[in-house]
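Novice: Following this message is one structure expressed as structure tokens.
The values are calculated or read from the model by the stated rules, or taken from the named source; none is laboratory data. Computed from a prediction, not measured in an experiment: that's the story for all the values here. Here the Cβ is made from the backbone with ideal geometry for all residues, glycine too, and neighbour counts use every protein chain on show. Ligands, DNA and RNA are excluded from the accessible area calculation, which covers all protein heavy atoms including side chains. Shrake-Rupley method; radii C 1.70, N 1.55, O 1.52, S 1.80 Å.
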Amino acid sequence: MSENALQLFADISLAKRLEKAEARSAAEFVEARTRAFPERAAQWIEVAGAYAMYDGAESPLTQTFCLGLFEPVTAGDVERLEKFFEDCSAPVFHEVSPLADPALPALLHERGYRPFEFSSVMFRSIQRGVHFASLRNDKIRVRLASASEHDLWAQTAALGWSEFPEFTEFMLELAQVSAAKSDALSFFAELDGKPIATGSLSICEGVALLAGASTIPEGRKQGAQLALLDSRLRFAAEQGCDVAMIVTLPGSDSQRNAERQGFRIAYTRIKWELVRPGE
């Protein structure tokens with residue numbers, strides 16, 4: 001590990017970088033949704049350093065990012081954010097880092113919010129010329145999807161959810177929009193020339209955000225996701241990134257797998273929901 005890699009601490013500076021990377025990726029997704037499905041009226045705004053996303057009332061992206069990290073938040077700021085979501089007929093959610101403005105939890109509580117969900121924001125240092133995972137299967141080839149392969153990438157990603165037919169259509173559309181982002185870096189893992197797994201990468205100011213992990217049922221347990229992880233991290237390092245991030249459920253298999261590959265928890269994030277009177 002380089003001297004620079006040792007200087008990455010889970011502090012407010014790192015939190016700002018990680019949260020902004022995810023916020024910018026979400027904004028790119030919302031803009032891609034607008035281009036692909038203009039009737040959805042997807043949109044986003046920035047208030048007091050926070051990014052507020054509307055991607056549909058049921059979308060997991062419909063929420064804020066970075067609230068209280070870059071600027072102190074006033075009741076007026078929160079009211080403006082609430083009006084944005086209310087005008088979109090959407091619930092009001094804020095994803096809040098524990099390194100945000102210490103006064104924020106009390107303000108949210110006073111306005112009728114309750115915490116209801118946690119996530120582990122994880123990171124690791126990366127640098128050029130290093131392999132980040134031991135590849136289990138040398139028959140697996142990882143490559144970037146071309147612009148003409150966005151549909152194939154989306155279909156492969158959706159196949160990874162085929163055991164849950166109630167989510168298949170939703171996941172296919174999600175993957176189609178993700179592949180169409182202006183900053184999209186979509187990767188295939190192939191076995192014997194056939195795509196069996198997908199992964200995506202977003203880069204923002206030296207931060208590599210990993211997402212889009214999916215493996216078709218018949219391609220599992222062959223090292224595809226390890227190969228995708230290694231290739232994406234090496235690609236990001238070559239682009240000048242010094243840190244990678246991933247967001248998981250606390251204590252999940254995804255968290256354990258990330259820890260095995262050198263990621264560690266920066267902090268546990270809390271999602272807050274506005275509970276309106278009578279709900």
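Novice: Kindly sort 194, 20 by accessible area of their heavy atoms, largest first, with the probe set to 1.4 Å.
Specialist: From most exposed to least exposed: 194, 20.
Novice: Relative contact order of the range 1-133: what whole-number percent is it, with Cα pairs under 8 angstrom and at least 6 residues apart?
Specialist: 21
Novice: Continuing with the same structure: If I build a Gaussian network model for the chain, linking alpha-carbon pairs within less than 10 angstrom, which residue out of 80, 24, 141 has the largest mean-square fluctuation?
Specialist: The residue that fluctuates most here is 80.
Novice: Calculate the FRET efficiency for residue 167 and residue 256 from the Cβ-Cβ distance with a Förster distance of 30 Å, rounded to the nearest 0.05.
Specialist: 0.80
Novice: For n ≥ 4 DSSP H runs only, could you compute -39500 (n - 2.57) per run for the chain, divide by its residues and tell me the 222 nm figure to the nearest 500?
Specialist: -10500 deg cm²/dmol
Novice: Now for a different question. If the limit is 26 Å between Cα atoms, which of 20/194; 16/271; 221/271; 20/181 go over it?
Specialist: Pairs exceeding 26 Å: 20/194; 221/271.
Novice: What is the range 137-178 by shape, rounded, prolate or oblate, if you read a ≥ b ≥ c off the alpha carbon gyration tensor as root eigenvalues and call it rounded for a/c under 1.5, prolate for a/b larger than b/c, and oblate otherwise?
Specialist: Oblate, because a/c is 1.5 or more while a/b does not exceed b/c.
Novice: Residue 138 to residue 238: FRET efficiency via 1/(1 + (r/R0)^6), r the Cβ-Cβ distance, R0 22 Å, to the nearest 0.05?
Specialist: Once the sixth-power term is evaluated, E becomes 0.55.
Novice: Same structure, new question: Need one word for the range 1-93: rounded, prolate or oblate. Basis is the Cα gyration tensor (sqrt eigenvalues a ≥ b ≥ c); a/c below 1.5 gives rounded, then a/b vs b/c decides.
Specialist: Oblate is the answer for the range 1-93, as a/c is 1.5 or above yet b/c matches or exceeds a/b.
Novice: Rank 143, 260 by accessible area, highest first, at a 1.4 Å probe radius?
Specialist: In descending accessible area the options line up as 260, 143.
Novice: GNM, the chain, Cα, under 10 Å: largest mean-square fluctuation among 238, 86, 39?
Specialist: It is 39.
Novice: Among the complete DSSP H segments of the chain, which ones combine at least 15 Å of alpha-carbon extent along their axis with a mean Kyte-Doolittle hydropathy of -0.5 or more?
Specialist: What comes out of the filter, once short or polar helices are dropped, is 12-36, 165-179, 224-238.
Novice: For percent of Cα pairs over 30 Å apart, one of (1) 31; (2) 50; (3) 22 was computed from the structure I shared and the rest are decoys. Which label?
Specialist: It is the value labelled (1).
Novice: Describe numerically, in nm with one decimal, the distance between label points set 7 Å from Cα along Cα→Cβ at residue 83 and at residue 249.
Specialist: 3.7
Novice: Could you state the orientation-averaged shadow area of the convex hull built on the Cα atoms of the range 129-279, in nm² to one decimal?
Specialist: 11.2
Novice: Using a 1.4 angstrom probe on the protein heavy atoms only, could you order 44, 161, 272, 153 from most to least accessible area?
Specialist: 161, 44, 272, 153
Novice: Keeping all protein chains in place, calculate the accessible area per residue for the range 1-65 (probe 1.4 angstrom), answer in Å².
Specialist: Roughly 45 Å² per residue, with all protein chains present.
Novice: Determine the gain in length on full extension of the stretch residue 128-residue 116; use 0.36 nm per residue of separation and subtract their C-alpha separation, reporting nm with one decimal.
Specialist: So the chain would gain 0.4 nm between residue 128 and residue 116.
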